[in-house]
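Just below is one structure, and these are the notes that go with it.
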Amino acid sequence: EDNEINAEIAQSMLSDMQANVAWVNNGKKAVEEFNASQLFTYDVILMDVHMPIMDGREATKKIRSLNRPDANKVLIYALSADAFIEDQRASIESGMNGHFSKPVDFTLVKNTIVEEIQKKGRM
């Protein structure tokens with residue numbers, strides 16, 4: 001998320017859900033952070049679609065292409081003000097697991113993530 005206020009709100013809500021949160025403000029940093037992390041550090045990435053330097057969809061493609069066993073397993077969800085079906089489709093086609101439109105319904109985000117993590121046997 002490149003908007004600091006949005007990032008603070010998201011971090012607060014996610015922390016209330018007992019999540020450990022790392023925040024970066026552009027897609028290039030997201031790729032670098034993921035690539036520098038220990039394997040399976042991240043269960044979920046919430047990726048803003050419109051960020052400077054590298055957008056979220058391009059960052060997702062780069063994460064998915066990394067030569068790491070967790071690169072194709074980490075859940076990646078788009079966060080975007082774009083709510084059209086074409087935007088959702090573009091997020092999925094870039095390798096994301098889903099697309100949440102802003103303003104974000106964090107109850108929906110939480111329920112979706114918990115369901116997916118349970119399916120994968122991570123909880």
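The values are calculated or read from the model by the stated rules, or taken from the named source; none is laboratory data. These numbers come from a predicted model, not from an experiment. Here the Cβ is made from the backbone with ideal geometry for all residues, glycine too, and neighbour counts use every protein chain on show.
Taking residues in region 1-29 that are of a type in the set (Gly, Ala, Ser), and partners anywhere that are surrounded by 12 or more Cβ atoms within 10 Å (Cβ to Cβ) and outside any helix (DSSP H, G or I), the pairs with Cβ atoms closer than 6 Å and at least 6 places apart or on different chains are ALA7/GLU1; ALA7/TRP23; GLY27/MET51; GLY27/MET54; GLY27/ASP55.
If ILE9 meets every condition in (1) touching a helix residue (DSSP H, G or I) at 6+ places or on another chain (Cβ under 6 Å); (2) at pLDDT below 95 apart from one, which number is that one? Single failed check for ILE9: (1). If the condition is being modelled with pLDDT under 95 and acidic (Asp, Glu), then region 49-85 contributes only ASP82. Would you point out the residue of region 51-73, among those that are out of contact with any helix residue (DSSP H, G or I) (no Cβ under 7 Å at 6 or more places or on another chain) and not polar (S, T, N, Q), that is nearest to PHE106 (Cα to Cα)? Ranking the qualifying residues of region 51-73, first place goes to LYS73.
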